[in-house]
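Engineer: Have a look at this one before I ask anything.
The values are calculated or read from the model by the stated rules, or taken from the named source; none is laboratory data. Keep in mind it's a predicted model, so treat the numbers as computed, not measured. We place every Cβ from the backbone using ideal geometry, glycine too, and count neighbours over all the protein chains shown.
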Amino acid sequence: MAAPSRNILQEQLYAIGFSPEDLKAVQLDMEVTKASMTQALEKLNRANPRVIIDTLGVVWGCPVVHLEDRDVQQNIVDLVPKELAVNFRFIPIDRSANNLIVATGTPQNSDMIKAIQLRTNFFVRTVLASEARITEALAKYYANSINMADLKVDESGYESEASKRKEIGGDSADDAGITRLANYILQQCLATGASDIHVEPYETEMRIRLRIDGSLVEIQKVKLAWKENLLTKFKIMANMNISEKRLPQDANMSISIGGKPVDFRVNACPTAYGEKIVMRILDKSSLQTDMTKLGFDLEDLRKFQESIHLANGMVLVTGPTGSGKTVTLYSAMAELNKVTDNITTAEDPVEFTLPGINQVPIRNDIGLNFATALRAFLRQDPDIIMVGEIRDLETAEIAIKAALTGHMVLSTLHTNSAPETVTRLLNMGVEPFNLVSALTCVVAQRLLRKNCVRCLVPDPEVTVQMLMDLGFTASGAQKATPMKGKGCPTCNNSGEKGRIAIHEVLVMGQEVRQAVSDKVPPMELKQVCMRAGMRTLRQAALYKMSTGLVSLREAVNGTLADNNIERSDQDAE
Ligand SMILES: [Zn+2]
């Protein structure tokens, strides 16, 4: 991976609160005291060390570990002599086969890596950590007298907690018990960062599942004797009609959990064994509207930002349901909201309200669809229009007309890739000439599950040959650091925790416009886009894999192969 230019680093540091003067002071500190950049930045105290580390990790393309979040096993620490660790300021955090992972503020320090390899015979992988946390860890783990009892990770409590919650609920349901159970379910939803709660009756029992990072995880079985009372409890909380059990009902529920207000969208739907209730959390604090934190790689972020800041045009974010495209659109609007005050949106439904933006909910039942809303907007002289989704030719044509008459139009489409989006719009019946005149940028997006940072280890199954088969160059494959989570209580032994977005950003340059006008076939269009600088979702996923953020399995399962790459290379020869 190429060394990032200084400018990108500067820009990112400005973005988190450093001034040009600060950076001069950092430079001086590094020269005079031989402090590392990480150390010098942390000393200035302009930003939280976690934010500094995350930022440097992105710019340097280096995995990050927050030492305050994890315990290190003493037997790992003991693999490296104290004076070596103190001298180079690192802490060994994990090992796998002949690899040793060390946390350091200077992950590119080749002298340090060589010295550790010489002394330990381990192959060394570095991860970036806060210098302040390394100081603490050095003091804690290399202290002269170590109390082993303090360092032992107590997993027994977790186990008993887990087995205890497998089945609760006695033979009869009492009010207090039902309230405790309902509260427990809601608390678990918040504690795990889940997006949905599923309350599902079956023939012999009920089960409660949470959607965590996109997957449903069972947290609880409930005896049938408790079924009616629990369903009624949730329906009362959502202000639903409790006597209606044969028709689906929708409602909003606003409750306070641990003093924190939380909104849910609740749906009750009759099934063969009773009503199934699904509660989707509408937690504003989970809405990430800072574009720099969406997982964009810097070059892709720059392209996307440039496109949305144009005076007019159409920018589309595409992907299947649950790919996070709404969040990307909201972040774009939040950023544009800083520079203009006439943003209007048509949404189905309005999921999050943003201050200063006119948001109109779509009401198909009274004829207010995307097309009619969009037509009305054009008479209100907006600068920026967001249309929740382009589903039909009518909406597409008005959106294009708006983009061609001096507006910036943002919208989404259900397509799998950026080039496919162009093809889909043409297939809807949009004129190629209008499309190439209006469309400025298409971003295809997916969410991948991240490796759990608490149990991150090098993935021994990934070989250099495998990476080369996936399209890496020999040197790229050598430099890659494929990692995976080996499983721990934090990630429920899945090895994965949290998600990160990957993007495919297509900027409609001259070559691509020409190819669309010429109506080239989809496969050929993709190659034109790639030649014009578009990095595919698969390539973006493999890049995130090469820095240890996601596992190879997740990168390959989560994206489609670019199986036309090799052919295009051969064609070129
Ligand atoms: Zn884990």
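Engineer: Filter segment 171-207 for residues that are under 20 Å from Pro489 (Cα atoms), crowded, with 16+ Cβ neighbours inside 10 Å and of a type in the set (A, V, I, L, M, F, W, C) and give the result.
Structural biologist: Ile185, Cys189, Ala194
Engineer: Now for a different question. For segment 494-518, enumerate the residues that are away from the ligand (no atom under 12 Å from the Cβ) and part of a strand (DSSP E or B).
Structural biologist: Arg499, Ile500, Ala501, Ile502, His503, Glu504, Val505, Leu506, Val507
Engineer: Suppose we keep only residues that are within 16 Å of the ligand (Cβ to nearest atom) and part of a loop (DSSP other than H, G, I, E, B) within segment 414-465. Which one would you say is farthest from Leu100 (Cα to Cα)?
Structural biologist: Top of the filtered list is Cys452.
Engineer: For segment 472-493: of the residues being farther than 22 Å from Leu100 by Cα and at pLDDT 90 or above, which is nearest to the ligand (Cβ to nearest atom)?
Structural biologist: Phe472
Engineer: Under the condition of being surrounded by fewer than 21 Cβ atoms within 10 Å (Cβ to Cβ) and among the basic types (Lys, Arg), which residue from segment 500-527 is modelled with the lowest pLDDT?
Structural biologist: Lys519
Engineer: While we're looking at this one, here's another question. Being at positive phi and without any contact (Cβ under 8 Å) to a residue 24 or more places away in the chain narrows it down to one residue among Gly356, Gly313; which is it?
Structural biologist: Gly356 is the lone residue from the list that is at positive phi and without any contact (Cβ under 8 Å) to a residue 24 or more places away in the chain.
Engineer: Name the residue that is nearest to Asn7 (Cα to Cα), counting only residues in segment 43-68 that are loosely packed, with under 15 Cβ neighbours inside 10 Å and at pLDDT 85 or above.
Structural biologist: Val51
Engineer: Among the residues of segment 560-570, are any modelled with pLDDT of 90 or more and either surrounded by 14 or more Cβ atoms within 10 Å (Cβ to Cβ) or not polar (S, T, N, Q) (or both)?
Structural biologist: No, every residue in segment 560-570 fails to be modelled with pLDDT of 90 or more and either surrounded by 14 or more Cβ atoms within 10 Å (Cβ to Cβ) or not polar (S, T, N, Q) (or both).
Engineer: Looking at (1) under 20 Å from Pro482 (Cβ atoms); (2) part of a loop (DSSP other than H, G, I, E, B); (3) of a type in the set (D, E, K, R), find the lone condition where Arg95 falls short.
Structural biologist: Only one criterion in (1) under 20 Å from Pro482 (Cβ atoms); (2) part of a loop (DSSP other than H, G, I, E, B); (3) of a type in the set (D, E, K, R) is unmet by Arg95, namely (2).
Engineer: Can you go through Gly485, Gly498, Gly509 and tell me which one is in contact (Cβ under 8 Å) with a residue 12 or more places away in the chain and either of a type in the set (Asp, Glu) or in contact with a helix residue (DSSP H, G or I) (Cβ under 7 Å, 6 or more places away or on another chain) (or both)?
Structural biologist: None of the other options fit; the residue is Gly485.
Engineer: Could you give me the residue pairs with C-beta distances under 6 Å whose first residue belongs to segment 448-464 and is among the polar types (S, T, N, Q), whose second residue is near the ligand (Cβ under 8 Å from one of its atoms) and assigned to a strand (DSSP E or B) wherever it lies, and which are 6+ apart or on separate chains?
Structural biologist: Asn451/Gly485
Engineer: Within segment 320-369, how many residues turn out to be assigned to a loop (DSSP other than H, G, I, E, B) and either among the polar types (S, T, N, Q) or not assigned by TED's automatic domain parsing to the domain that holds Glu394 (or both)?
Structural biologist: Within segment 320-369, residues that are assigned to a loop (DSSP other than H, G, I, E, B) and either among the polar types (S, T, N, Q) or not assigned by TED's automatic domain parsing to the domain that holds Glu394 (or both) number 7.
Engineer: Which number in (1) surrounded by fewer than 19 Cβ atoms within 10 Å (Cβ to Cβ); (2) touching a Ser or Thr at 6+ places or on another chain (Cβ under 7 Å); (3) in a loop (DSSP other than H, G, I, E, B) marks the one condition that Thr481 misses?
Structural biologist: Every listed condition holds for Thr481 apart from (1).
Engineer: Quick one: is Arg538 within 16 Å of the ligand (Cβ to nearest atom) and touching a Gly at 6+ places or on another chain (Cβ under 9 Å)?
Structural biologist: Spelling it out, it is not the case that Arg538 is within 16 Å of the ligand (Cβ to nearest atom) and touching a Gly at 6+ places or on another chain (Cβ under 9 Å).
Engineer: Residues of segment 231-275 being small (Gly, Ala, Ser), closer than 21 Å to Gln188 by Cβ and touching a residue at least 24 places away in the same chain (Cβ under 8 Å), which ones?
Structural biologist: Within segment 231-275, Ala238, Gly258, Ala268 qualify.
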